[in-house]
Amino acid sequence: MKCKLCGQRAVLRLRAYNLSLCQDCLRDFVKRRVQKAIRDFRLLKKGEKVLVAVSGGKDSLSLWEILDGLGYDTIGLYIHLGIEGYSDRSLEKAKAFAQKKGLSLLVEDVREHFSGLGIPQLSKKDMRPPCSLCGMVKRYLMNKVACETDRTLATGHNLDDEAATLLGNVLDWKEGYLGRQAPRLEARDGFAPRVKPLVLCTEREMAAYAIASDIDYILEECPFSEGATSLFYKDVLNQIEERSPGTKLRFYQGFLKLQDRFRIEEPQLRPCSSCGYQTTGDLCNFCRLKEKAKKK
Ligand code: Q46
Ligand code: ZN
C-alpha cells in the first residue's frame, strides 16, 4: 500500500477520506485537521495562551505537541488522581514528554486537596462511582488552574470521544448537555474558556500520529475505565463506521450545525461560600467533597 500523496510506504488507510498515508503525510494530515478545527470553530486566536490538560495518553500529548508547533504559548497541566501505580506511571510519561520538548508542566495532586485521599478512597467514602467523582474533580482543578494562569484550557477530546458523548446525550435526550457540547465554551464569570482542538481527528488517527511522531505515551488504560458505557458507545460507532465510513464525522458535524436548537438557559450561579468559584448551591461539589474527606 502506497501513500496517495507522495508514493512512500503507507502506514494508515483512512476509508472515510479514501486515503492511504505514509508517516510524514499522516502527521501533516492530522495537523491540518487540527488547524481546520481551530479555524472553523474559532477555537484559538493567533498566539493565544493555552493550558493543555495532559493525562500522559496519546491524545493529550499529541495535542500539546501540535499546539506548540503551531506557535501557541502552551503549558501543560497534569492532574494526579492518586490511583495506585497508574497515576505515577502516566505522570512519568507527561514529565518525560515536557522535558524532551523543553515545555513547562504544572502538576496538581488530588490528594493534596482531599486530606491525602485519592479518587479510589474518595469514591468509597462518598459512595459514588470513581468516574463521576473524578470528572467533577478534574473539571474543577482544570478550570481553577486555567483561571489562575489566565489561559484557555485545551483538552484532548477526539472525534470518537465527542461522537460517543453525543450518542449518549441523544439516547437520553439530555438537552442541557447537548446545548453545552461544543468545541469551544466561552469564558464566563469564574470559568476559563475551554477548547477541544482534536474534535475532527479520530482515535485511530491520533494513535497513528503519536507513533509517527515518536511520542512515548501511556498505553495502559485507567483501571476504572473497564466496562464504561462510553467505551460501549465507541464500539457501536466503530461498527457503524466499518460499514459506512465517515458516519462518525457526519454525526458530529451534523449535530454542530443544529446545536442552536438545544441551547437552554444556564442555571443561576453564585460564588461558593468556601472557594468563591461559581456553583448552584451554597457550597460547590468540590468543597463539599473536601469537607467529607476531612471527616474520619
Ligand atoms: S474518569 Fe474514570 Fe477516567 Fe477518572 S477514574 Fe479513570 S476512567 S481517569 S477519563
Ligand atoms: Zn467551592
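Taken together, the values in this text are just the output of simple stated rules run on the coordinates, not laboratory data. No experiment lies behind these values; they were computed from the predicted model shown. Quick reminder, even Gly has a Cβ in these numbers, built from the backbone with ideal geometry, and neighbours come from all protein chains shown.
Picking from Ser123, Ser115, which residue would you name as being within 16 Å of ligand 2 (Cβ to nearest atom), within 24 Å of Tyr277 (Cα to Cα) and either surrounded by 18 or more Cβ atoms within 10 Å (Cβ to Cβ) or in contact (Cβ under 8 Å) with a residue 60 or more places away in the chain (or both)?
Unique residue meeting the criteria: Ser115.
Given the options Leu198, Leu219, Leu289, name the one that is assigned to a loop (DSSP other than H, G, I, E, B), within 16 Å of ligand 1 (Cβ to nearest atom) and either crowded, with 16+ Cβ neighbours inside 10 Å or aromatic (Phe, Trp, Tyr) (or both).
Going through Leu198, Leu219, Leu289 in turn, just one is assigned to a loop (DSSP other than H, G, I, E, B), within 16 Å of ligand 1 (Cβ to nearest atom) and either crowded, with 16+ Cβ neighbours inside 10 Å or aromatic (Phe, Trp, Tyr) (or both): Leu198.
Return a yes/no flag: does the range 200-221 have any residue that is in contact (Cβ under 8 Å) with a residue 12 or more places away in the chain and under 21 Å from Met142 (Cα atoms).
yes
State all residues of the range 28-77 that are assigned to a loop (DSSP other than H, G, I, E, B) and not aliphatic (A, V, I, L, M); if no residue qualifies, say none.
Hits for the range 28-77 are Phe41, Arg42, Lys45, Lys46, Gly47, Glu48, Ser55, Gly56, Gly57, Gly71, Tyr72.
Looking only at the range 66-75, decide whether some residue is within 16 Å of ligand 1 (Cβ to nearest atom) and within 26 Å of Glu186 (Cα to Cα).
no
Please specify each residue of the range 270-287 satisfying the condition of being in contact with a Ser or Thr (Cβ under 6 Å, 6 or more places away or on another chain) and more than 8 Å from ligand 2 (Cβ to nearest atom).
Answer for the range 270-287, where residues must be in contact with a Ser or Thr (Cβ under 6 Å, 6 or more places away or on another chain) and more than 8 Å from ligand 2 (Cβ to nearest atom): just Asp282.
Quick check on Lys93: is it touching a Phe, Trp or Tyr at 6+ places or on another chain (Cβ under 7 Å) and either farther than 19 Å from Ile218 by Cβ or part of a helix (DSSP H, G or I) (or both)?
For Lys93, the condition - touching a Phe, Trp or Tyr at 6+ places or on another chain (Cβ under 7 Å) and either farther than 19 Å from Ile218 by Cβ or part of a helix (DSSP H, G or I) (or both) - is met.
Six or more apart or on different chains, Cβ under 8 Å: which pairs go from a residue in the range 161-177 that's within 18 Å of Leu198 (Cβ to Cβ) to one that's of a type in the set (Lys, Arg) and not in a helix (DSSP H, G or I)? Could you list them?
Listed by first residue and then by second, the contacts come to Glu162/Lys196.
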